[in-house]
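Peer 1: Right, I'll just put the structure down here and ask away after.
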Amino acid sequence: MTMPQEDTAATRAFRALAHADTSVRLQAALAVGSTPDPGFVGGLVERCAVEPEFYVREMLTWALTRHAPSATVPALVGELRSDRAQARSQALHTLSKIGDRGAWPAITPDLLADADDEVARAAWRTAAALAPDGERAALAVRLARQFGRGGRETQLSLSRALIALGEAMPAALEAATTAPDPRVRAHALATERLWHDPEAGFEFAVEEAKRVVALGGEG
């Protein structure tokens, strides 16, 4: 992690963020977020890319949201081009929490189709949160191309992102419910059921959709 040369508060904070003890790193992230300073942003973003503990990463994200978007958003957008999957996924996650729609153009088709499931899931959530009204239908079509991908968590993430698009979703969803691939059809039908009945639960929706596909119908 890049650190200032002088023994400043920022230097001490960055040392603590890289400490071997998880609790020390967690407290350091809390402290940095409690006393925001533009000088902390670069170190926080760098640490997000390598921090192994989920709860510490969440605190790092919180600390970044405490800083001005004018400082954080450009640094996070830069991370979207990183070779490290965690750097991309955590930057996307943090951008979704900041909610600055100026970051929307950085959510590229490559990120939406990223080979790493964690990155793709974060991209779907962030895109659904940041897409302008005029881009939401096109985004739904692009997201629908990922139907059938991955395991339960990945599929649920995609379903939630599409449902978050609201009325922009139905046309893209309808096309997927008649796709040749039964896995795609089942995922699309499960998403449709979850959209109409959020209380049903994803597991129930998936099993019901599989039954419908196996019977050759549309429910």
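The values are calculated or read from the model by the stated rules, or taken from the named source; none is laboratory data. What you see is a predicted model, and the numbers here were worked out from it, not measured in a lab. Methodologically, a virtual Cβ is constructed for each residue, glycine included, from the backbone with ideal geometry; neighbour enumeration extends over all protein chains shown.
Peer 1: Could you list, ordered by first residue, the pairs with Cβ atoms under 9 Å in which the first is in the stretch 57-85 and more than 16 Å from Thr108 (Cβ to Cβ) and the second is at pLDDT below 95 and of a type in the set (Phe, Trp, Tyr), at least 6 apart or interchain?
Peer 2: Sorted first by the residue in the stretch 57-85, then by its partner, the pairs are Ala63/Phe40; Leu64/Phe40; His67/Phe40.
Peer 1: Separate question: Which of (1) over 20 Å from Gly33 (Cβ atoms); (2) assigned by TED's automatic domain parsing to the domain that holds Arg47; (3) basic (Lys, Arg) does Lys97 not meet, given it meets every other one?
Peer 2: Evaluating Lys97 over (1) over 20 Å from Gly33 (Cβ atoms); (2) assigned by TED's automatic domain parsing to the domain that holds Arg47; (3) basic (Lys, Arg) leaves (1) as the failure.
Peer 1: Another question about this same structure. Against the condition crowded, with 23+ Cβ neighbours inside 10 Å, modelled with pLDDT of 95 or more, touching a Ser or Thr at 6+ places or on another chain (Cβ under 6 Å) and not polar (S, T, N, Q), how does Leu139 come out, does it pass?
Peer 2: Criteria not met by Leu139.
Peer 1: Given the condition more than 13 Å from the chain's Cα centre (by Cα) and modelled with pLDDT of 95 or more, answer yes or no: does some residue in the stretch 111-122 qualify?
Peer 2: Checking the stretch 111-122: at least one residue is more than 13 Å from the chain's Cα centre (by Cα) and modelled with pLDDT of 95 or more.
Peer 1: Would you call Thr94 modelled with pLDDT of 95 or more, of a type in the set (Ser, Thr, Tyr) and under 18 Å from Leu143 (Cβ atoms)?
Peer 2: No, not satisfied.
Peer 1: Would you be able to say whether some residue in the stretch 115-134 is of a type in the set (S, T, N, Q) and either under 16 Å from Ala188 (Cα atoms) or part of a loop (DSSP other than H, G, I, E, B) (or both)?
Peer 2: Checked against the condition, which is being of a type in the set (S, T, N, Q) and either under 16 Å from Ala188 (Cα atoms) or part of a loop (DSSP other than H, G, I, E, B) (or both), the stretch 115-134 yields no hits at all.
Peer 1: Also: What is the one condition in (1) assigned to a helix (DSSP H, G or I); (2) buried (at least 21 other Cβ atoms within 10 Å of the Cβ) that Glu51 does not satisfy?
Peer 2: Unmet for Glu51, out of (1) assigned to a helix (DSSP H, G or I); (2) buried (at least 21 other Cβ atoms within 10 Å of the Cβ): (1).
Peer 1: Can I ask one more? Name every residue in the stretch 51-71 that is of a type outside the set (A, V, I, L, M) and closer than 15 Å to Ala103 by Cα, in order of residue number.
Peer 2: Scanning the stretch 51-71 gives Thr65, Pro69, Ser70.
Peer 1: Then there's this: Just to check your reading of the model, which residue among Val41, Val56, Val45 is in contact with a His (Cβ under 7 Å, 6 or more places away or on another chain) and either assigned to a helix (DSSP H, G or I) or under 21 Å from Leu112 (Cβ atoms) (or both)?
Peer 2: Only one candidate passes the filter, namely Val41.
Peer 1: Failed condition for Asp181, given (1) within 20 Å of Glu118 (Cβ to Cβ); (2) surrounded by fewer than 20 Cβ atoms within 10 Å (Cβ to Cβ); (3) modelled with pLDDT of 90 or more, with all others met?
Peer 2: (1)
Peer 1: Restricting to the stretch 69-114, and then to whatever is of a type in the set (Val, Ile, Thr) and assigned to a helix (DSSP H, G or I), can you tell me which residue is farthest from Gln146 (Cα to Cα)?
Peer 2: Thr72
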